[in-house]
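Structure first, then comments.
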């Protein structure tokens with residue numbers, strides 16, 4: 001990873017080999033970025049200072065992380081309303097969140113189709129669709145949420 005890949009508040013995985021003492025690893029949140037180093041925070045209390053970018057790794061976005069953050073499997077309220085009103089077939093199901101912070105739908109890629117992240121701030125100001133093939137990391141979802149103005153905080 002590179003400092004250009006990260007923003008303050010991003011979640012990443014910190015892993016360092018301590019030699020004969022084993023491996024220390026934690027999911028951490030970026031607090032400061034300076035040069036090739038960062039300060040991180042673990043669950044709001046333990047600060048890890050001056051860590052090298054080489055010790056930080058992306059956290060793959062998984063259904064378990066989405067479920068922990070209040071996402072549900074199905075269609076968004078907007079999709080349900082639209083298809084109910086015009087009588088069309090429902091779109092592909094995915095992981096959805098639409099509880100006031102904006103509307104989010106994530107469909108993971110499969111063997112035949114790419115994945116999709118659809119974000120809408122529900123104020124007719126910002127709508128973003130991201131199509132992807134390679135796995136998405138948690139910090140990349142966080143960047144898309146910020147870009148679309150959705151105030152949903154991701155927790156691990």
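What distance in nm separates the two pseudo spin-label positions at residue 128 and residue 3, each 7 Å out from Cα along the beta-carbon direction?
Result: 2.3 nm between the two label points.
Evaluate the relative contact order of region 108-156 (contact order divided by residue number), counting alpha-carbon pairs under 8 angstrom at least 6 apart; express in whole percent.
About 32 percent, as a whole number.
Pop a pseudo-label 7 angstrom from the Cα along the beta-carbon direction at both residue 83 and residue 24 and give the gap in nm to one decimal.
In this crude label model, residue 83 to residue 24 measures out at 4.9 nm.
Need the full-extension length gain, residue 42 to residue 17, defined as separation in residues times 0.36 nm minus the C-alpha distance. One decimal, nm.
Gain on extension, residue 42 to residue 17, equals 7.2 nm.
Obtain the radius of gyration and the Kirkwood radius of region 31-156 from its C-alpha atoms and give Rg over Rh.
My calculation of the ratio gives 1.04.
What 222 nm value per residue comes from the helices of the chain, counting each DSSP H run with n ≥ 4 as -39,500 (n - 2.57) and dividing by all residues, nearest 500 deg cm²/dmol?
When only DSSP H runs of four or more count, the value is -4500 deg cm²/dmol.
Using Cβ counts within 10 Å as a stand-in for footprinting exposure, how do 20, 123 rank, fewest first?
Ordered by Cβ neighbours within 10 Å, fewest first: 20, 123.
A short reminder: the numbers here are calculations on the coordinates, not readings from a lab. Here the structure is a predicted model, which means the values were calculated and not measured. Neighbour counts are summed over all protein chains in view; Cβ atoms, including those assigned to glycine, are modelled from backbone coordinates with ideal geometry.
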